[in-house]
Amino acid sequence: MAVQVVFTLSLFLPAGTVAWPTGWVYVAVSFALGIGMTAWLVRYDPGLMAERLTGLRRTDRQKWDKIFVPILAVGFVAWLVVMGLDAVRFRWSHVPLWLQLVGSVLLLLSYYLFYLTFRENTYLSPAVRIQKERGQKVVSTGPYRHVRHPMYAGFTLYVFGTALTLGSWVGVASGLLLVAAIARRAIFEESMLQRELPGYEEYMTKVRYRLIPGIW
């Protein structure tokens, strides 16, 4: 709940008004889908739910990730603030309605990809670490047949879908920094997985792309 409050305030305080229907729809949809995902995890994969709640507090996390995650969190909040300023307070951007609708489709697709990834990978920790206590192994099914980091691919869709839905070209441009940061994390994470997770190097030879099939 605290995260949702920060999420909402980060958009609406910079906007300077609560009279932002698109913003409220976005917040409501994000909240509903987030609750739905949590409920699904509690029912069908409580082990993963526990890991999602505690992974960032584990002592066996990669040291660099302990620095990266807070920086990413601050960057994410700053991104929301910029979109509130852009789309409502100063109206720097003009995004056509049809593009906002395209953004909404991308946003829904991102959540669907999140769901597919959660369903397939019970080791999907928010922290970069090897879950030896859970017998972590390589996952190569579902969306992992196409890209090695489908969660990050979903985040990429989420970033651009959000910015377009809210009507912020500045959000699209600054969102590139978030995507670049996640892409960098994927590279560092893979280095760790190659060293410490049996079978991952072989998996990399079979699935060539990290985030975008045919591109990268």
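The values are calculated or read from the model by the stated rules, or taken from the named source; none is laboratory data. Just so it is clear, the structure is predicted and the values come from calculations on it, not from any experiment. All Cβ positions, glycine included, derive from the backbone under ideal geometry; neighbour counts span all protein chains shown.
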* If you take the residues in the stretch 18-40 that are under 14 Å from L166 (Cβ atoms) and β-branched (V, I, T), which one is farthest from the chain's Cα centre (by Cα)? -> T22
* Asked: Can you tell me which residues in the stretch 158-171 are buried (at least 20 other Cβ atoms within 10 Å of the Cβ) and among the aliphatic types (A, V, I, L, M)?
  -> V159, A163, L164, L166
* Residue among V128, V159, V138, V207 that is in contact (Cβ under 8 Å) with a residue 12 or more places away in the chain, closer than 25 Å to K66 by Cα and over 20 Å from the mean Cα position of the chain (by Cα) -> V138
* Starting from residues that are free of Cβ contacts under 8 Å to residues at least 12 places away in the same chain and assigned to a helix (DSSP H, G or I), keep the ones in the stretch 93-111 and report whichever is nearest to F188 (Cα to Cα). => L101
* Taking F118 as the residue in question, decide whether it is within 22 Å of P46 (Cα to Cα), touching a residue at least 40 places away in the same chain (Cβ under 8 Å) and buried (at least 18 other Cβ atoms within 10 Å of the Cβ). => yes
* **Whichever residue in the stretch 16-66 is over 19 Å from V159 (Cα atoms) and among the small types (G, A, S) and, among such residues, is modelled with the lowest pLDDT** => G55
* Evaluate the stretch 110-117: report whether one residue or more is touching a Leu at 6+ places or on another chain (Cβ under 6 Å) and at negative phi. => yes
* Hey, which of the helices (runs of 4 or more DSSP H) in the stretch 1-64, taking only ones fully inside, have at least 3 residues that are of a type in the set (G, A, S) and without any contact (Cβ under 8 Å) to a residue 60 or more places away in the chain? -> 21-44
* Filtering the stretch 129-148 down to residues that are small (G, A, S) and in contact with a helix residue (DSSP H, G or I) (Cβ under 9 Å, 6 or more places away or on another chain), which residue is farthest from Q62 (Cα to Cα)? -> G142
